[in-house]
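Below: one structure, written as structure tokens.
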């Protein structure tokens, strides 16, 4: 026991500590002397199949003692981890299994998809396999993707609409409203310093309201999404946000995805599942070509926000790409560059291109889905972005 430094006092608390250390160390001569049974043994076996010596991916020609490529073994394991662990942990283990053991191809089997815990990373894996997906699996895969999309819309939709509606209202505010368009609440608040106690009234030197023309003016948002393999989670989140923005009458939303080709998926924004299955993860990257297309669709630069979501590894013409960004900004377009739109933080990205964009006044940064509504609100109001 001295080799591990784990106390063994024979008490219930001591036994519990030994059990926890045994679960952490995974056996194989860990020095605890603790033998697991029942549920603990099942949990340990599930963890060992993925993270134990037999769980790591083997080189060519080696045999694996872990899950391997056996569909029955994987199906059983997926059921076990859902029994033993909470959903958040299950999602992490599924992601690790796909990455460590190369189990992506098993997701082409309907029985596998019915056993997994849906999450953003699973959706990304399915999208990368969509072109090879047989018809027997496609409907099951769409159901899995729709489950995740609905969860994300429920989590992010209401807050996004509320945040952007407030920003759009502030954009439309005018200091010379007609009488019927005066916002009396804001007007009174803005003029409290002009309160006359003897008359018990406020002198409204400054009126705040909404002009009739301003109420009908739409802002235009173009989401330009890099669909290279490293951007998979960002594609999922951006598609959901695109659908949320498209549901707002005061925002005209366009969604463009690109690799070396450019695809406009705007007409599918009413269903983000269709958008996602319209993407093709992987391939090269031509940001310049994508921005050229977006630039051609801008009709009111001063009322337009372009959001480029990319790791900036450009395969096209670098100087033209930067020139297009400079031209859009000079015309009045608000240009936002997100290195990622995901919960994972900043990915690997082209630092030289990021620095060049920052020099043009378009700083590049990673953004979480929860921060995205605030970023968009700031861009719509033309105020400094809340860079994390």
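The values are calculated or read from the model by the stated rules, or taken from the named source; none is laboratory data. Since we're looking at a predicted model, the values are computed, not measured. Reconstructed Cβ throughout: ideal geometry from the backbone, glycine too, with neighbour counts over all protein chains shown.
Under the condition of being touching a helix residue (DSSP H, G or I) at 6+ places or on another chain (Cβ under 9 Å) and assigned to a helix (DSSP H, G or I), the residues counted in the stretch 291-309 number 6.
Does the stretch 75-96 include one or more residues that are modelled with pLDDT of 75 or more and over 34 Å from the mean Cα position of the chain (by Cα)? No, because not a single residue in the stretch 75-96 is modelled with pLDDT of 75 or more and over 34 Å from the mean Cα position of the chain (by Cα).
A single member of 335, 365 is in a strand (DSSP E or B) and within 26 Å of residue 250 (Cα to Cα), and it is 335. Is it the case, given these coordinates, that residue 312 is assigned by TED's automatic domain parsing to the domain that holds residue 264, outside any helix (DSSP H, G or I), in contact with a helix residue (DSSP H, G or I) (Cβ under 8 Å, 6 or more places away or on another chain) and surrounded by 15 or more Cβ atoms within 10 Å (Cβ to Cβ)? Taking the combined requirement at face value, the residue satisfies it.
Evaluating residue 233 against the criteria (1) closer than 22 Å to residue 315 by Cα; (2) at pLDDT below 90; (3) out of contact with any strand residue (DSSP E or B) (no Cβ under 9 Å at 6 or more places or on another chain) leaves one unmet condition, (3). When each of 270, 259 is tested for being closer than 27 Å to residue 141 by Cα and surrounded by fewer than 17 Cβ atoms within 10 Å (Cβ to Cβ), the lone residue that passes is 270. Working only within the stretch 314-345, note down all residues that are within 13 Å of residue 371 (Cβ to Cβ) and without any contact (Cβ under 8 Å) to a residue 24 or more places away in the chain. Once the filter is applied, which keeps residues that are within 13 Å of residue 371 (Cβ to Cβ) and without any contact (Cβ under 8 Å) to a residue 24 or more places away in the chain, the stretch 314-345 yields only 345.
Looking at 238, 232 in this structure, which one is crowded, with 23+ Cβ neighbours inside 10 Å and within 17 Å of residue 341 (Cα to Cα)? That would be 238, the only listed residue that is crowded, with 23+ Cβ neighbours inside 10 Å and within 17 Å of residue 341 (Cα to Cα). All of (1) in contact (Cβ under 8 Å) with a residue 24 or more places away in the chain; (2) part of a strand (DSSP E or B) hold for residue 273 with one exception: (2).
All conditions in (1) within 19 Å of residue 334 (Cα to Cα); (2) modelled with pLDDT under 90; (3) in contact with a strand residue (DSSP E or B) (Cβ under 6 Å, 6 or more places away or on another chain) hold for residue 290, with the sole exception of (2).
Okay, residues lined up against (1) without any contact (Cβ under 8 Å) to a residue 12 or more places away in the chain; (2) surrounded by fewer than 17 Cβ atoms within 10 Å (Cβ to Cβ); (3) closer than 22 Å to residue 230 by Cα:
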position: 350; (1), (2), (3): no, no, yes
position: 356; (1), (2), (3): no, no, yes
position: 361; (1), (2), (3): no, yes, no
position: 365; (1), (2), (3): no, no, yes
position: 370; (1), (2), (3): no, yes, yes
position: 374; (1), (2), (3): no, no, no
position: 379; (1), (2), (3): no, no, no
position: 383; (1), (2), (3): yes, yes, no
position: 388; (1), (2), (3): no, yes, yes
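Closer than 24 Å to residue 247 by Cα and surrounded by fewer than 24 Cβ atoms within 10 Å (Cβ to Cβ): is that true of residue 285 in this structure? The answer is no for residue 285.
Taken as a whole, the stretch 332-348 holds at least one residue that is out of contact with any strand residue (DSSP E or B) (no Cβ under 7 Å at 6 or more places or on another chain) and more than 24 Å from residue 124 (Cβ to Cβ). Screening 377, 340, 358 for residues that are over 19 Å from residue 221 (Cβ atoms) and either part of a helix (DSSP H, G or I) or in contact with a helix residue (DSSP H, G or I) (Cβ under 7 Å, 6 or more places away or on another chain) (or both) leaves exactly one candidate, 358.
Taking into account only those residues within the stretch 241-256 that are in contact (Cβ under 8 Å) with a residue 60 or more places away in the chain and assigned to a helix (DSSP H, G or I), which is surrounded by the most Cβ atoms within 10 Å (Cβ to Cβ)? The qualifying residue surrounded by the most Cβ atoms within 10 Å (Cβ to Cβ) is 241.
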